[in-house]
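Encoded as C-alpha cells, the structure appears first; notes follow it.
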Amino acid sequence: MSISQIVFTLFTAIVFFIAFKQYRAIYANIKLGKDEDLPGDPSWRWKNVLLVAFGQKKMFKRWIPAVFHLFIYLAFLLTQVELLEIFIDGFGGGHRFFVERIGGLYTFILNFIEILSLLAFVATIVFLWRRNILKVPRFVMSEMTGWPKLDGNLILIGELLLLIGIFSMNGADVLLQNLDPEHYPDTGTLAVSSHLGPALFGSLDTSTLHVIERFGWWLHLVVVFGFITYLPFSKHLHIFLAFPNVYFSKDKSRGEMDNMPEIMNEVKSMMGLIEDSGEMSEEIPEFGSKDVMDLGWKNILEAFTCTECGRCSSVCPANITGKKLSPRKIMMDIRDRATEIGNNIRSGDAQYIADDKISEGAALTKDNYDDGKSLFDYISAEELYACTTCNACVEACPVLINPVEPILAMRRYDILTNSAGPADWLPMFNSIENSGAVWQLSDERAAWIKEVEI
Amino acid sequence: MIKTIAEYVAEGQKPEILFWVGCAGSFDARAKKVSEAFAKILSASGISFAILGNEESCTGDPARRAGNEFLFQMSALQNIEVLNGYEVQKIVTACPHCFNTLKHEYPKLGGDYEVLHHTQLIQQLIDEGKLKIEGGVFEGKRITYHDSCYLGRINGEYEAPRDILNQLDANLVEMERSRSKGLCCGAGGAQMFKEDEPGDKRINIDRIEEALKTNPDIVAANCPFCITMLMDGLKAQEKQDDVMVLDISELIVQNNGL
C-alpha cells in the first residue's frame, strides 16, 4: 500500500466520520418538529420527484437562471462518475480505473462531463456576476447580508475550484498520455482538455505535468470533501434535501388550512353536536406554533431545504410594497432557530431544561427544552400579519416549500394562545361571533333581495 | 323574486342550486350589485336557485386566516348544520374566499358539497346553451382581467373567466403579471379588515398601476374584495371616471341587457 493510498483512506474515513455526525444533527434538527400527516400516495410523490426535483420543472418559470442552473446541476450529477473513479483509484492506487474496462464509453462519458463542466464554469461565473455586480434584487435584500451573502459566494467559488481541479487533472493527463503511455492510458480525444491541456501546459516536462495532474486530482477531492462537511452549515444543502423535500410534499389543496381537531371537537361539544367527554384538562392548552417544536417536521425540512434563492420574496406582494415580511426570511429563521435549539440540546447543558420540568437525573430533550426564547424572537408579529395568504411564494418555489403554513401556524399561536394580534381585527371577530357577518350592520342578511327585480 | 331555501322547502320543492351570497354580497353596497347581477343571470338561464337568507353566516375564512380557529369552527359548524339540514348538494358563490372555504375546508368538518365559483357556473351555462352572450355592448372595448388569488393561484381556475370575457368580443389585454403570476389585490388573509403594516406602498396601488398600463376601459374581476381594493386604487389614482371595475357577471348583465 502506497503512502498516497494510506493518506487517502485516512482522509476519507475522517471526513465521513465528521459528515456522519453533522448529517445526523441535521436529521435531529428536522425531527424537532411534530409528527404530522402527509397526504399523498407514493406514485404521486415519485412523479413529483421526477418532474420537480430531477426534472427542475418549476425552475423553468424563469428560464435564464434555469438554463444556467441546469448546466451546474447536470455537471454535478455526471461528475459523480468521475468522482467514483477518483475513489476507486484513491483506495486501489490505480490510475483511471474505468478507462481500459469500458473503452469508448469512457471517452463518451468523459466528453459529456467535460462539456457540461465547461458550461457549468460559465454558469458559475454568470451567477457570481448576477450576485455581486448585476446585484439581482432578490440576492441583495436585507436578509442577504453577512453570512448568507458570503455563503452564496463561497459555494460558487467552491464550484469553480472543483472545475479547475477537473480540468487541471484532465489537461495534464492528455499530455502525459503521449509522454508516458504506460502509466497514463489513452482516454481518447477530450472536448475541452485535449485543447486546453496543450495550450496551458504544452511546454512543461513530464515531472511537472505529473505534479499538476496530482494537484488537480487532490484539489477536486479536497473540495468535494470540503463541500460535504460545509453543506450542513450552508443553504447549499438543497442539493440533497430538495429530493426528500419534494417527495414528502403534501398532496392537498393550497386553499386548505390544516384542521385543528381539538378545537373542532371543543366547539362541537359546545354546540351539542357531540357528547362532551366531561374530562377537563388541567393544563391550559397551547394552540398554534410558538417555536419550531410546534411546527410539523416537514416545515423544518423545508427550512433546511431552502437555498435562499428568493423567488418567493421577489413575488410576495407584501415584500414588493416595502413591508417587512419576506417569505425567504421566514424559512431562514426557522432553520436558524432549529439549529440553535438542536445545538443546545446536543450540548446536554441542564440550564436549558425548563424550570418546571427539572427533576433528578432528567436529560435535556426537546420536550423539556426552554431557553427563554422562541421563534417569535426571530420572526416579528409585523412580518406575520403582513401576509395576504396569496400563495405567490408557494407557486414560485422550485422545490415545493410552503412559507404560508408556518406563518399561519404562528398567527394561530399569537391569536389563540397569546390573545394578541392586530386590534383592527377585533371588530371583525366580534361581528362574526355576534352577527355572523364580517361587518356589524343593522340590516338583515337577506335584505338585499328586496331591491332586486327578477 | 329571489327565494330562500326555507321557502322552497315550505312549498315542498327543491332548488337546483344554492347561491351562497357571502357577507360582501349581502351587505357591501358594491358587492350587492354583483349578487343582483348573478341572480339575474341564473334567472335568465332558467336555473332554480335559492339563498340561505338570514340562515347564512360568514364561512369563517377571514377568522381562520387571521388565526382565530375557534371563531372559524363556530361559524363553519353552524353553517354546515344549516346546509346539511336542508340537504344541500350543490353550491355556487360569487366570492372566491367563500368558494375556497366551502370547497376545501368544510369537508373535514362534515360538510361535503359540490361547490362552484360563479364564473365556472356561468361558463357551464354558456356551454350548455342555457345562457347566450348577445348584445355586443363591449365590442372593441379594452378589458383587462385581474386573477383573484383564491380562484386563480389557489384553485387553479384561470380559464373560465377568460373564456367568458372572450365571448364578449372585447379586446382582452393581459397584465404583465397574470394567471399563476397574478399579483394579489392586497385583501386576502384577512388584510381586508386591518390597516397595512408599514411599507412604501399599498398593494392595491401596485396592482392598479399595472392594470392601468394596459390602458383599459374596464378592469374585470371575480371577487368582491378585489373589486373594493381595485376601486380604491383607481380613486387614489383619480381614474375612477375613466376606468370601471366590474365583476364578470355584471359584464354579462350589461351586455345582454338583463
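The values are calculated or read from the model by the stated rules, or taken from the named source; none is laboratory data. Remember, it's a predicted structure, so these values are computed and weren't measured experimentally. With ideal geometry, Cβ positions are generated from the backbone for all residues, glycine too; neighbour counts draw on all protein chains shown. Accessible surface is based on the protein model in full, side chains and every heavy atom, while ligands, DNA and RNA are left aside. Shrake-Rupley method; radii C 1.70, N 1.55, O 1.52, S 1.80 Å.
Key figures
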read-out	value
Dipole magnitude (debye, nearest 20) for chain A, charges at Cβ of Lys, Arg, Asp, Glu	1700
Heavy-atom accessible surface of the range B:3-124: percent carbon and sulfur, 1.4 Å	47
Surface accessible to a 1.4 Å probe, B:Glu139 within the full protein complex, Å²	130
Point-to-point label distance, A:Asn418-A:Glu182, nm (Cα→Cβ direction, 7 Å offset)	7.6
Two-decimal log10 I(q)/I(0) for the range A:2-81, as the Debye equation yields it once each C-alpha is a single scatterer, q = 0.23, 0.26, 0.27 Å⁻¹	-1.04, -1.07, -1.09
Residues losing 50 Å² or more accessible surface upon assembly, the range B:44-80, compared with the chain by itself, 1.4 Å	B:Asn54, B:Arg64, B:Arg65, B:Ala66, B:Gly67, B:Glu69, B:Phe70, B:Leu71, B:Gln73, B:Met74, B:Leu77
In the A-B interface, the accessible area buried, summed over both sides, Å² (probe 1.4 Å)	5900
Rounded to the nearest 10 Å², the accessible area of B:Met175 at probe 1.4 Å	10
Average Cα contact separation per residue, chain A, under 8 Å, 6 or more apart, as relative contact order %	19
Normalised per residue, the volume of the convex hull around the Cα set of the range A:226-363 (Å³)	207
Helix A:104-132 axis, angle to chain A major axis (alpha carbon atoms, nearest 10°)	50
Hull shadow area, averaged, chain B [alpha-carbon convex hull, nm²]	13.6
Cβ-derived FRET efficiency at R0 41 Å, B:Lys201 paired with A:Asn343, nearest 0.05	0.55
Paired Rg and Dmax values of the range A:287-332, which use every Cα atom, in angstrom	12.0, 32
For q = 0.15, 0.24 Å⁻¹, Debye-computed log10 I/I(0) when each Cα of the range B:77-167 counts as one equal scatterer	-0.67, -1.21
Rounded tilt (10° steps) of A:206-230 against the dominant C-alpha axis of chain A	10
Within the accessible area of chain A (1.4 Å probe), percent carbon and sulfur	62
Dipole magnitude of the range B:133-256, debye to nearest 20 (Cβ charges: Lys/Arg +1, Asp/Glu -1, about Cα centre)	260
Mean Cα-pair separation over length for the range A:61-163, i.e. relative contact order, pairs under 8 Å, 6 or more apart, %	31
B:Glu176/B:Lys130 FRET efficiency (R0 35 Å; Cβ-Cβ; nearest 0.05)	0.45
Percent of Cα pairs exceeding the 15 Å cut-off, where the set is the range A:325-386	54
Per residue accessible area in Å² of the range A:254-370, where ligands, DNA and RNA are left out and the probe is 1.4 Å	48
Contact order normalised by residue count of chain B, Cα under 8 Å, 6+ apart, percent	20
Spread of Cα-to-Cα distances over 10 Å intervals beginning at zero, given as percent, for the protein assembly as shown	3, 13, 20, 21, 16, 12, 8, 5, 2, 0, 0
Under the span-like rule (Cα at least 15 Å along the axis, Kyte-Doolittle mean at least 0.5), DSSP H helices of chain B	B:224-236
For the protein assembly as shown, cysteines whose Cβ has no other cysteine Cβ within reach (under 4.7 Å)	A:Cys306, A:Cys309, A:Cys316, A:Cys387, A:Cys397, B:Cys23, B:Cys58
Kirkwood-Stokes translational diffusion coefficient of the range A:1-151, alpha-carbon pairs, 20 °C, 1.002 mPa s, µm²/s	109
Stokes-Einstein D for the range A:109-233, Kirkwood Rh over Cα pairs, 4 °C, 1.567 mPa s (µm²/s)	81
Radius, Kirkwood style, for the range A:202-245 when every pair of distinct Cα atoms is counted (Å)	12.7
Protein-protein interface of the range A:241-266, residues with accessible area decrease of at least 30 Å², isolated chain reference, 1.4 Å probe	A:Ser253, A:Arg254, A:Gly255, A:Glu256, A:Met257, A:Asn259, A:Ile263, A:Met264
Nearest-20 debye value, the range A:363-405 charge dipole, Cβ charges on Lys, Arg, Asp, Glu	100
At least 40 Å² accessible surface lost relative to isolated chain, residues of the range A:363-394 (1.4 Å probe)	A:Glu382, A:Thr388, A:Thr389, A:Cys390
Förster radius 35 Å - calculated FRET efficiency between A:Asn132 and B:Arg30, Cβ distance, rounded to 0.05	0.10
Net charge of Cβ neighbours under 11 Å - reference A:Arg138; Lys, Arg +1; Asp, Glu -1	+4
Which listed pairs, of B:Lys33/B:Lys181; A:Lys268/A:Lys357; A:Lys31/A:Lys252, have C-alpha distances above 25 Å, in listed order	B:Lys33/B:Lys181; A:Lys268/A:Lys357
Solvent-accessible area of B:Glu174 with every protein chain in place, 1.4 Å probe, in Å² to the nearest 10	70
Where only alpha carbons of the range B:3-124 are counted, the Rg and the Dmax (Å)	13.7, 41
Solvent-accessible surface ranking, highest first, for A:Lys21, A:Lys250, B:Lys103 at 1.4 angstrom	A:Lys21, B:Lys103, A:Lys250
Listed residues A:Ala318, A:Gly93, A:Ile415: farthest to the positive end of the dipole of the protein assembly as shown (Cβ charges)	A:Gly93
The range A:86-173: equivalent-ellipsoid semi-axes (sqrt of 5 x gyration tensor eigenvalues, Cα, Å)	36, 15, 9
Carbon and sulfur %, accessible surface of the range B:133-256 computed with the full protein complex present, 1.4 Å	41
Largest-first principal axis extents, alpha carbons of the range B:133-256, Å	47, 33, 24
Where B:Glu36, A:Glu453 fall by accessible area, highest first, once all protein chains stay in place (1.4 Å)	A:Glu453, B:Glu36
Whole-number accessible area per residue in Å² for chain B, which is evaluated in the context of all protein chains at 1.4 Å	35
